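What follows is a single structure, written as structure tokens, with notes after it.
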Amino acid sequence: MEYTKGKLFWLVLLRMAIGWHFFYEGMVKVLNPAWTAKAYLMDSGGFMKPFFEWIAFNPSLLAVSDFVNAWGLALIGFFLLLGWLVRPAALGGMVLLGLYYLSHPPFPSIEYLFPVDGTYFVIDKTLVELVALGVVMSFPTAHIFGLDRLLKKS
């Protein structure tokens, strides 16, 4: 796929911005041994609430959830930043974001203990980032600007 310089710039910037967001969020969790998703899971709402509470109250599942969250975010971000294995990373990011969205859907009938930044109705920043990862996956740039380009030549 060929892009104009402007399109390439914005697509690479989108990939790297999302990559940084994921990497930073993941590393904050990885480097904090006390971090856990338990409170977030217990505060979930919507039709998936029982599923997320089940994870929160099961110590083994919670440990797996914490590990997958922290390292998944960090590695997805790392791959997006480097421009390496971008499609699987973007797909993994979409799965995580989909779970985050389902755990805290922005519907008016649901109230959460934790404050949200802004007023949302159906579409929130989590869903917007999920859609943006779909764009990153659909319009690849790593073969032009990324580690994929270097690995492809060798």
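The values are calculated or read from the model by the stated rules, or taken from the named source; none is laboratory data. Keep in mind that this is a model prediction, so the values were computed, not measured. A quick note on method: Cβ atoms are made from the backbone with ideal geometry, for glycine too, and the neighbour counts reach across all protein chains shown.
Where helices (runs of 4 or more DSSP H) fall wholly inside segment 47-154, the ranges with 3 or more residues that are within 13 Å of the chain's Cα centre (by Cα) and either at pLDDT 95 or above or of a type outside the set (Val, Ile, Thr) (or both) are 59-82, 86-103, 125-138. The set of residues in segment 96-137 being surrounded by 13 or more Cβ atoms within 10 Å (Cβ to Cβ) and of a type in the set (S, T, N, Q) consists of SER103, THR126.
Farther than 25 Å from MET27 by Cα and not hydroxyl-bearing (Ser, Thr, Tyr): is that true of PRO88 in this structure? Explain how you work it out, then say what you get.
On the way: farther than 25 Å from MET27 by Cα: no; not hydroxyl-bearing (Ser, Thr, Tyr): yes.
Criteria not met by PRO88.
For segment 112-132, the count of residues that are in contact with a helix residue (DSSP H, G or I) (Cβ under 8 Å, 6 or more places away or on another chain) and on the phi > 0 side of the Ramachandran plot is at least one. Given the criteria of a type in the set (Phe, Trp, Tyr) and either surrounded by 19 or more Cβ atoms within 10 Å (Cβ to Cβ) or free of Cβ contacts under 8 Å to residues at least 12 places away in the same chain (or both), does TRP54 qualify? Yes: the conditions hold for TRP54. Which of the residues belonging to segment 20-37 are buried (at least 16 other Cβ atoms within 10 Å of the Cβ) and without any contact (Cβ under 8 Å) to a residue 40 or more places away in the chain? Result: THR36, ALA37.
Residue check: GLY93 meets all listed conditions (1) in contact with a Pro (Cβ under 8 Å, 6 or more places away or on another chain); (2) surrounded by 13 or more Cβ atoms within 10 Å (Cβ to Cβ); (3) of a type outside the set (Asp, Glu) but one, namely (1). Which pairs turn up if I take residues in segment 96-112 that are over 14 Å from ASP43 (Cα atoms) and look for partners that are acidic (Asp, Glu) and assigned to a helix (DSSP H, G or I) with beta carbon separation below 8 Å, at least 6 apart in sequence or on another chain? Cβ pairs passing all conditions: LEU97/GLU129.
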